[in-house]
Amino acid sequence: MNVKKINILAIFIAISVIGAFIKIPSFIGSVALDSFPSLIAGVLLGGVAGGIVAAFGHLVSALIGGLPLGIFHLFIAVEMCLLVFVFTKIYQTGNRIVSYLWFVLGNGIILPLPFLVLLGKGFYVSMVPVLLIGAVLNGIIAQLLMPRLEAFLKGWREAK
């Protein structure tokens, strides 16, 4: 990874940290607008970079929210990393709608499935609506910003 890419990655992590402060009201304090920068970073810089942004974004969001799930947030950060990595791979095949559906359904329904076993049905059922709302909002923001940033970076690369 070159210095320019590391700097851009740091900017996306910083934007994700800012998004972590914008919470979606829920009884768990870690649902926030911290994922959309990871989706954009994944498309512009690659799946690994997007996954790194997603993991950092979740950990900061959880920290700001008081780490309500304790050590489980490390597990969730790994899940978010993998979710965004797969999102990026699907997006790069040209299936943009499928990639956003994967992100929303993955974040809202699939990723919390281990907590169905660990913390019970009540926790899972109460978290799914909030996670779906958060995933939809993060997806919409990314979808609105992505074309503009892709065009900007394309022009920036051509100017070099």
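Condition check: among the aromatic types (Phe, Trp, Tyr) and either modelled with pLDDT under 95 or in contact with a Lys or Arg (Cβ under 8 Å, 6 or more places away or on another chain) (or both). Does PHE85 satisfy that? Show your work before the answer.
Working: among the aromatic types (Phe, Trp, Tyr): yes; either modelled with pLDDT under 95 or in contact with a Lys or Arg (Cβ under 8 Å, 6 or more places away or on another chain) (or both): no.
Answer is no for this residue.
Could you list, in sequence order, all residues of the stretch 1-41 that are of a type in the set (S, T, N, Q), in contact with a helix residue (DSSP H, G or I) (Cβ under 8 Å, 6 or more places away or on another chain) and in a helix (DSSP H, G or I)? Before the answer, list the steps.
Filtering the stretch 1-41 down to residues of a type in the set (S, T, N, Q) leaves 2, 7, 16, 26, 30, 35, 38.
In the following step, the residues that additionally are in contact with a helix residue (DSSP H, G or I) (Cβ under 8 Å, 6 or more places away or on another chain) were identified as 16, 26, 30, 35, 38.
Within the stretch 1-41, SER16, SER38 meet the criteria.
Filter the stretch 1-42 down to residues that are farther than 20 Å from ILE109 by Cβ and touching a His at 6+ places or on another chain (Cβ under 9 Å) and give me whichever is surrounded by the fewest Cβ atoms within 10 Å (Cβ to Cβ).
ALA20
The values are calculated or read from the model by the stated rules, or taken from the named source; none is laboratory data. The shown structure was predicted, so the numbers you read here are calculated from the model rather than taken from an experiment. Note that we place each Cβ from the backbone using ideal geometry, even for glycine, and neighbour counts take in every protein chain shown.
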